[in-house]
Amino acid sequence: MKPLYKGFLIAVLQLVTVSSLGVKLLYDRAHRPRVWIKSAVYDPDLPIRGKYLSLSIEVPAESFTEQPHAQPYYGVPFSPYRCDLVLRSDHLVAVGNEGGEFFANVQRRDNNLLAVINGETAYFLPEHKNGPILRNRGEELWIEATIPRKGPPRPIRLGIKKNGVLTPLSAD
């Protein structure tokens with residue numbers, strides 16, 4: 001086989017591989033469930049990744065039995081639990097599991113058990129757009145995300161929740 005044909009074959013194989021990933025992500029977005037998840041910017045300053053927001057997600061927690069020793073992490077108590085993310089009646093829930101896919105910091109707020117999962121979810125911003133700015137203390141950052149069978153939620157768009165009203169941010 002001539003070198004030109006070999007090069008062409010390799011290029012076609014690479015295009016098929018990359019395209020199959022894009023098709024899978026589009027299929028998941030069309031067929032997998034979507035939910036809104038409370039979020040916060042976790043660490044947006046990693047230069048090798050470009051312009052993005054690394055987000056922590058905050059979800060209700062279930063089935064966390066024993067309390068590990070809380071270790072201070074930058075002044076915040078951190079209790080490393082393992083968990084899986086499960087979709088229950090249009091809400092994402094962290095379920096305690098020793099062999100779980102994610103690490104969570106489990107906290108109690110207002111008699112509710114919450115799991116905060118840091119840095120597993122990235123939202124990439126268009127080059128010409130700045131990230132969201134929370135202007136008032138009562139505003140919360142939320143993401144609408146596709147929930148894949150495995151792996152972290154895949155963000156679709158951002159929203160701001162204020163006074164109980166969730167307003168999606170415009171894409172432009």
Search region 141-166 for residues that are of a type in the set (S, T, N, Q) and pair each with any residue that is assigned to a strand (DSSP E or B) when their beta-carbon atoms are under 6 Å apart and the residues are at least 6 apart or on different chains. Thr146/Arg34; Thr146/Arg154
Between a first residue in region 22-34 that is over 18 Å from Glu144 (Cβ atoms) and a second residue that is at pLDDT 90 or above, which pairs have beta carbons less than 7 Å apart while being 6 or more apart in sequence or on different chains? none
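Kindly establish whether Pro126 is at pLDDT 85 or above and out of contact with any His (no Cβ under 7 Å at 6 or more places or on another chain). Explain how you work it out, then say what you get.
Details: at pLDDT 85 or above: no; out of contact with any His (no Cβ under 7 Å at 6 or more places or on another chain): yes.
It is false that Pro126 is at pLDDT 85 or above and out of contact with any His (no Cβ under 7 Å at 6 or more places or on another chain).
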Note on Phe78: of the conditions (1) assigned by TED's automatic domain parsing to the domain that holds Tyr123; (2) modelled with pLDDT of 80 or more; (3) aromatic (Phe, Trp, Tyr), unmet is (2)
If I ask for residues that are without any contact (Cβ under 8 Å) to a residue 60 or more places away in the chain and touching a Pro at 6+ places or on another chain (Cβ under 9 Å), which ones from region 107-129 would you list? Gln107, Asn112, Leu113, Leu114, Ala115
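The values are calculated or read from the model by the stated rules, or taken from the named source; none is laboratory data. Predicted, not measured: the structure shown is a model, and the values here were computed from it. In this analysis, Cβ positions are derived from the backbone assuming ideal geometry, glycine residues included, and neighbour counts consider all displayed protein chains.
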